[in-house]
Structure formats: C-alpha cells, structure tokens
Amino acid sequence: MSIHDVVASTPLVDNHAHAVEPLDRDRVTETFADFFTEGELAPKHARHTLNYRVTLDFLAEQFGEADEATLLAHRADVDPESYSRELIDETGTETILVDDGFPDVTPDEFGAYTDADLRPIHRIENVAERLLPASESLNAFEETFVDELDDALGGDFVALKTVIAYRTGLQVRAHDREAVRQAYDEVCRNWDGRVEQPIFNDYLVHLAADVAASHDAPLQFHTGFGDADAHPQFVNPTYLYEFLTAHAQTPIVLLHGGYPYTRAAGYVTATLDNVYLDLSLATPFVQHGVEPLISQALELAPTTKLLYGSDAFSVPELYVLAARRFRADLTSVLDRLHADGFISESYAESIARGILRENAIALYDL
Amino acid sequence: MSIHDVVASTPLVDNHAHAVEPLDRDRVTETFADFFTEGELAPKHARHTLNYRVTLDFLAEQFGEADEATLLAHRADVDPESYSRELIDETGTETILVDDGFPDVTPDEFGAYTDADLRPIHRIENVAERLLPASESLNAFEETFVDELDDALGGDFVALKTVIAYRTGLQVRAHDREAVRQAYDEVCRNWDGRVEQPIFNDYLVHLAADVAASHDAPLQFHTGFGDADAHPQFVNPTYLYEFLTAHAQTPIVLLHGGYPYTRAAGYVTATLDNVYLDLSLATPFVQHGVEPLISQALELAPTTKLLYGSDAFSVPELYVLAARRFRADLTSVLDRLHADGFISESYAESIARGILRENAIALYDL
Amino acid sequence: MSIHDVVASTPLVDNHAHAVEPLDRDRVTETFADFFTEGELAPKHARHTLNYRVTLDFLAEQFGEADEATLLAHRADVDPESYSRELIDETGTETILVDDGFPDVTPDEFGAYTDADLRPIHRIENVAERLLPASESLNAFEETFVDELDDALGGDFVALKTVIAYRTGLQVRAHDREAVRQAYDEVCRNWDGRVEQPIFNDYLVHLAADVAASHDAPLQFHTGFGDADAHPQFVNPTYLYEFLTAHAQTPIVLLHGGYPYTRAAGYVTATLDNVYLDLSLATPFVQHGVEPLISQALELAPTTKLLYGSDAFSVPELYVLAARRFRADLTSVLDRLHADGFISESYAESIARGILRENAIALYDL
C-alpha cells in the first residue's frame, strides 16, 4: 500500500468530539454559519470564513449546485438521524470519544445519529456545577466530586475533560486548603450556576488529575482558540507547565493542537512524558492551516503522542469536513517527509496508523 | 478575468499609512537604509535586511544598475514631489488613510506628493500631549480631549489611532476615577512632553474608544513589531482582549497583522465581531514573509475583516514596495487556495476586492 | 559558483556546541534515543521523534541496513575518538565554540575527538556554583566571580554563556543591592549546589553582561526549547527585552533561534543593534522545521546577525546531522529567495558565507 492508501483506509478513532443535536429549522436556514466559527460574529462576517465557504461546497455536493439559501433549505429538510449516520459513516470512524459537556444530548441519544462506537468523556466543570448547590461543606463537596469522577472512570467513561481554559485560564496554580476553603465559600455565596473562580477552578482540575492518575486515564484540556469567552492569552498551553510537571502520573491531552500556539504545544508534548497532543477543532476550522498544523506538530513531538480528533459538534458536516481535511493533509505531509528523505515509506505508514487510530487506542485503553 | 487580473486591477484603499516627507540629502545618501528597518541598527546591519536589498533593486530599476552609493546619489537628486507622485501613481492607490501623528507633514502638505485621495486619521497620544500642558484639571483635560476627538470624527477624520503598544503596552486595563486622577497628577508633575504612564495611557484609549463608538468610526491600534521602544512582549494583540470585549461597539483595527503574532491576531479577529485586521508594515518589511502572513490571516479570520495597508512613511518607495509585494502574494495565496479546492475562482476574486478595497470602504464609510 | 556550491564549500564556524563524551556501552545500546530529544521521555516515545528516526538512517548509512538493535550494537563498538573525528571532519567545520558547562569534558579533552579548532565559552552559572561555597560575603563573591569572567575573556575564552532560561526564566530584572544581598544570603543558607534564585540569577547575568561589554565579547543566552526543567513560557526571548536594552554595549546572542518563538526572536534581533541570533539545537532537532526556521529568521533580521550553530553534545552524530540539515535547508531557502526575485545570486552567496562563517568571525573576533 502507498502512504495515501494507508491514510485513506485506516479507521479513525476520534479522540475528542461532541454529539450531533436536532436543530430547529431556523438554526439551519438563518444561522447555520454560526456552527463553523467559534466567534460571536454577525452574519455578514460569519458567512465569510473559509471554513463556512468549504461547508457550502459540501452542501452543494450533497444537494446539487444552488445558491446559499436554497442549499440551507435543502439542509433543513433532511432527516437528521439518517443524514448524520450517512455523513459520519463516510468518515470511516470506528470510535468516537464524546465530551458529555455540550450539547445537551446524552451519548446514548447520540447513538441514533451514528453507527460508530461511542465512549463518553466526563466534563468536570459540569459535574462541579451540578454538585455544588447541594453541597454543605468543602469536604462534602470534594467527596461527592471525587466519587463521581472515580465512578465515571471505573465505569464507561474513558477520560475526563476540563474547560478551565475558558473559565479562568491555563495558568493553573497550587493553592493551600485555607485558600480553597475561602474560594469555595465565595463560589457558594455568589452562586450563579457557573464555576468561574480562579482558585476554585484550579482546585477542581488538581482533584481531577489525581483521580485520572489513579485510573491511568487521560485528562483532556481545552487549549488554543475557541469561543469568545476564552482569553486568547491564557489558552496558551505553555501556561500549564507547572501543572503538567506536578501531575507527571496523569496522562494529559492538550486539545486542538493548541492553535495558534501549535509549535509551543509540540514543544511541551516533546518534553514531558505524560503530555499528548490532539489536533481537533483546528481540524477543520483553519482549513489550509491544517497542513502546517500537522507538519509543525511533527517537528518536535514524538509521532506516538499525536492524536486525530474532530471536535465536531451539533452538525454532522463537521465530522466529514474534519476527516476529509485531515486525511488529505496527513497524506500530503507524510508524502513530503518521505520525498524529502526524513522518513521511510513504511515509517510514514506507521505514523499514519498511529495518529489516526492506534495512539488513541493505547492511550485510552480502548 | 482571472484571480491575477482582479488583484492587479482593483484600486487600493490603503487603510493605514503616513505622509511622504522632504528629506535632507544626507538622509538619502548616508542613512537611507534606516527607512527600511524599524530597528535602531548600525549601518553595517541596517544595510543587510532583505527589505533594504529589495529597495536597492527597486532603485536600480529606476536609475539603472549601479553600486549602492551611486543609486543613493541618484535618489537624492530627484524632485521629491514628482518622484513621489509617480511612484504612488504606480501603485493604483485610490485612497490613503493618513495617520497624522508622524512625520511632521500635514495631510494637506502630503497632497503635493500624491494624486490619491487623502483621508486623515487622528493619533490620540499627540492630541493628549498637545492639550495636557494647558489643562487645569483632569475634568477640564478630559472635556477638551473628548471634544477634539469628537470634532475630528465629526469632520474630515475617518478614524482614531493609538500607539499605546509603544508606550505602556497592550494589556489595557480599566481604572477607577481616583486612580486616573492620581495618574493625571503624576503626569502633570513630571511633564516631559510625552504621555507614558500606564494608567493614564489606558484611560486615554478608553475615552477614545467611546468617542469612536459614538461615530461608528474605527480605532486603530499599533500591534506587533515596530520601533525599538516597543516592548516585544506587550505588542501582542491577545493582551488587548479585555479592552476589545469591553468596547464591543467600537470597530477596532489591529494594525500590522500583529506580526509576529499573526495567527493569534487572526484568532482574535475571528472571535470578536468588532475586530478587524490590517496587514500593513509587515507588508513589505517581512518580504518573503508576506505570503505566509496573508495565508495565516485567512486561516481563521473572515475574509471581510482583512484590510490592505502599507504603513508607508517618509519615502514613497515604501508605497510601491508594499503594493507590489501585496498584490503578488495575495495572487499567489488565492491561486493556491483555489487550486487546492478551498474556494471557487469567483469567491477568490471577491476576497481580493474585499481586502484590497471594499472592506475598508465599508468599515471607514468612505 | 552556484548558491549550492557556496553553501556546500564554505567552512563552518559552529558558534555554539558542546564536547563529545565517551559513553558507556549501555548508554548507546539502551538509551541512545535520549540524545535526540530534549525531553524526559520513556523509550516508547523517545524512539519516535523524527530527529531520532533520521539518526537511525544515518547509522544505517554508516553500518549498513539493519534493525535498530543491530545498528546500536555496531555504534557501541566504534572507537569513540576516531569515529568522532571522522564524523566532525565530514561537516567541514573549521572552528567550534565550545560551551564548557556540559558535558564533563574539558575543551582540551575534546581535542581528541575532533580536528576542528576549539575556542571555549564560559558558562557563568557553573562559575558561580564553584565560587559560592567558599565565598564569605556578597562583595567577596562578586569580586572573585567578576575576576574569573574577566580573566576568561582576557584569555582563551571567546564568549560567556548563561542558562538562566532554565533556572529562573528570561524575564531578567534589575534589583537593588539590598535585594541582591538578601538573595545571596538565602542562596548560601539553603546551598544545594545549584544557583536557582530569581534575584540572584538575574544579578549574575547583569554582572556577566558588564564584563562581556568591557571585552566587547558576546554573552550567549539559551532561549527557546530545551530540557524539561525549562519553563516553556519563560524561555521566550521577548521576555529579555529590558535586559537587552539595558546592556546595549554587550553583544548578545539569542541561542537556538528562540524556537518556537523564532519570528519573535527575529524581530528582537532586527530591532536592537546588539542582538544576534544563533540557529543551533533547533538545527537539527526540528528536522523539516529547519527550513522554515531559517526562512523566518530572514524575514526581519539582518543577514549579518544570523549565526550557524549545532549545539551538538555528547555524540558526534549531532554535528553531522546539524551540518547536513543546515546546508541543505540554507541552500533551499536561498535558492527560493533568489528564484522569487528577493535577492541576487551573488547576494545570496554573501548571505551564505556570512551565516555559515563570517558573521561569527566578526562577532567573536576569531
């Protein structure tokens, strides 16, 4: 087989994605572009990212050449479950690790939208937000929080996930018990349903890392670009260094290639044994930037630590766009590395099998 | 028309540049290279940037092949006004938005050096530095400062500009009135003609953003590389995040592609609706880096938010070098995106018209 | 001559490297991959960086195609001195500037492993760590420390080197005498053989910069990626800005291209007259990333300020891999810049001679 054929035929393990959700007609006909930007953009801008333009081409491929309004009307008419199954089937995805934090669709319900095997990931901030209102003390909260994470990893869940990057940033610090207690009191006093207090959020991820280590299960961190509520300075994965070294026994996955801090993310991955690098979200959002993303990640990081992911959510098109983009660009990167004498053809093929499938199977013990 | 032809024939709106100025003979024959580096470099280094080497080739094209000293002697002999008009005419620039903060040439005087339409931009630090010595209190200063900006935007000026990146950095914070009052007192007490006090400079840009919002006029920020007095850490546009979100009603232009933080600048532009990204100064200074600059900006940012600019100053060669470089590299980026299946030819052409001209017309209401 | 021929035939001055050291058999047969990652990686990952895969290809070229274990067994059997001489001879290296801080081989002993001229560089943290235990006061320590650096630069040593990036980070600040005195007391009180106290380490590099300036000798800073004990945020060369401007009379070399902050390092180099940029370690570690490294450095930095280096250490293969990689990629960058019209062939050749050899001869006064 050629590099191309190995990349094309290896089943995917998508190590980070979200469920597809049923959509009101208006969300398709009026604001479909919003699914293809992480920004809070008016339609005049949201409709003009390359990611959305490529999506329109994909819809034209599905429904025939037509103007945008017609394409979206066709899209609004599909049977959501069969359309999603058909699209995700096309990707050749064997297993999807599903972040249960968003959207409001259980992994079980998601099963109606895909034939792939689904393995859930538990988002820790959602757990904390559910448990906090009923908690009577920090100690009691901690016990229920740790128990739930422990039960999850002892059961079906294959990993934990944190969105601390969105909340208080990746400069996670260690805090003494008294500081945590005060933070807990402050959070409870001002409770608004959302955990967003620097010391308390730091505390949650330290707890989660310990639980994950006890199961040898990974903890995933959102890093890099994302929604408008993330501070673009503090999503930089280098800020996580103290935490990463303090939890050397916890396998940690930096999500999204840390884009735009990809070379820095590769450096951290190359330096600390417990760190892995996922390439989702940037795949497919940055489109022609996916090829350099893959190439840059390979500059320093061991090939055994890179992971395919789509971070697809809500609409099945993201699954297809991610898989097509990644397979095309991984092929071109590996072809070039082989042509330029860096790697043999057989090693290129082993890199492909690793990134697309085998590295995730080993890491998540699938 | 082909992509090439559209890029070549679309008139430019240069959304950020400076006036050409008359030069003493010595500044041409002895230190001409200084115009082509932002650094404070001895001639042995200043003469060896690629930006200056390309400039020498341009002079050879104008005056015939010769050694550097001869070329500079020819350059010193030109009639400054007609030489400048001829060079700027070559660029196909329809309109230039002129920063009035530097050099010491009014936009009216600049009219002798170019046939392009000139629309002034008001640099806010210069306003503050002019008004401060005569001010009797913070309140009185504020009234005259706001009035001047308001009058400017109500009159000929199309935007405001701040160089806070050079002075106290882009981590602009909100300060209470008492802190601003103390900062004002400190600035007055130590007055040396220059506004460079973190709290006071932050305060000025908050005021300017409010005035700009009331006119729906943009506020331009220097971001990215520049003179030796800018701290290279604090010119990073991600540091501006709190300010950008606090002033969601103010259109804000990140100048210079934020180079070398271009992908980060594109991410901010893609995330916050009110943020736009100009590609000047890096065009043409980074030369073979302009092609990746354009390509990286297009990874995440909507195509409707990118703006051509030269940031040319003092010498008309910078206008030509920027326009040639940008047209060549925009063509090659769009050709590649089309060839690789990301965009149709007609969409590529609409991107070109947008970046070169139409996005600026819409944003600045020209 | 063509660009290729000039690059291929110019003798190298390697402005930053380390001695080759004799290796126990086990270090070759069991953990040879560790020399090709800066990380602390288990073998299952360390064996899968591209840098190590290329090394295995090199060993196959030396010893014939064979599996990894066989290649390493052959490698363990070589005569270390003649093998090293042969390999370094192949690189065409005329002069090596040798960091004396690591490994534990004197430049004299290193002479048995290479025919190149060796010129030592004095690592200041090692000096401080040797002198501190015997010092009786800050003043006494300072006198012996300054004297030793002064004697070194007055003698055979051609530069100083600091690893403050690894210890307390590049945000070097100025401290008053009382703060330094307290830091000195703290370091002495808790003496464990290692200088790692922010104020005290800052103080050492300020002293070293003054001594270097008095000899017009360079001070080298580790910047960018490195071992696991460096904080990846604080190895960013932009953090060094205040120090660089405070020591404008000291030639300062930013090592390793500041990777992954290469464009930022180029910006600093282009802005401050006293700053130079070495491209070692990233060459050859980032493999296919070396070509963009060179290209990015040339975007803003004067061609007269860029320096070839290998940062080879312990094993002679790193000398060969660096030299081959750099010559190949410098050729391809210069060929492309010439083909795209940025530079003439003769200027490309002068860039090559400068970066490979002449810039270092001028800077270090060799």
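The values are calculated or read from the model by the stated rules, or taken from the named source; none is laboratory data. Bear in mind that the values here come from a model prediction, so they are computed numbers and not experimental data. Positions of Cβ are generated from backbone atoms using ideal geometry, with glycine treated the same way; all protein chains shown enter the neighbour counts. All accessible areas refer to the heavy atoms of the entire protein, side chains included, with ligands and DNA or RNA removed. Shrake-Rupley method; radii C 1.70, N 1.55, O 1.52, S 1.80 Å.
What to note about this one:
- Only residues that are of a type outside the set (D, E, K, R) and part of a helix (DSSP H, G or I) were counted in the stretch C:111-133, giving 10.
- Filter result for A:G341 (touching a strand residue (DSSP E or B) at 6+ places or on another chain (Cβ under 6 Å) and at pLDDT 95 or above): no
- Restricting attention to the stretch B:114-150, the residues that are more than 17 Å from B:G193 (Cβ to Cβ), without any contact (Cβ under 8 Å) to a residue 12 or more places away in the chain and open to solvent by 50 Å² or more (accessible area, probe 1.4 Å) add up to 4.
- Residue that is farthest from B:P218 (Cα to Cα), among those in the stretch B:339-366 that are surrounded by fewer than 19 Cβ atoms within 10 Å (Cβ to Cβ) and among the hydroxyl-bearing types (S, T, Y): B:S344
- Among the residues of the stretch C:305-325, none qualifies, meaning not one is within 12 Å of chain B (Cβ to nearest Cβ), farther than 30 Å from C:E86 by Cα and over 17 Å from the mean Cα position of the chain (by Cα).
- All conditions in (1) open to solvent by 10 Å² or more (accessible area, probe 1.4 Å); (2) of a type in the set (F, W, Y); (3) in a helix (DSSP H, G or I) hold for C:F200, with the sole exception of (1).
- Meeting the requirement of 1 or more residues that are facing chain A (nearest Cβ under 10 Å), of a type in the set (D, E) and open to solvent by 30 Å² or more (accessible area, probe 1.4 Å), the helices (runs of 4 or more DSSP H) wholly within the stretch C:7-79 are C:50-63.
- When the stretch B:27-53 is filtered for residues that are of a type in the set (V, I, T) and within 21 Å of the chain's Cα centre (by Cα), the ones remaining, listed by number, are B:T37, B:T49.
- Residues of the stretch C:1-34 that turn out to be touching a strand residue (DSSP E or B) at 6+ places or on another chain (Cβ under 6 Å) and under 25 Å from C:A328 (Cβ atoms), as a count: 8
- Taking the criterion of being farther than 22 Å from B:G226 by Cβ and surrounded by fewer than 15 Cβ atoms within 10 Å (Cβ to Cβ), the residues of the stretch B:151-181 that qualify are B:D151, B:G154, B:G155, B:D156, B:A174, B:D176, B:R177, B:E178.
- Residue within the stretch A:328-336 that is in the same structural domain as A:T91 (by TED's automatic domain parsing), within 19 Å of A:L50 (Cβ to Cβ) and surrounded by fewer than 23 Cβ atoms within 10 Å (Cβ to Cβ) present: yes
- Matching residues, the stretch A:234-280, being within 16 Å of the chain's Cα centre (by Cα), more than 13 Å from chain B (Cβ to nearest Cβ) and not β-branched (V, I, T): A:P237, A:P251, A:L254, A:L255, A:Y276, A:L277, A:D278, A:L279, A:S280
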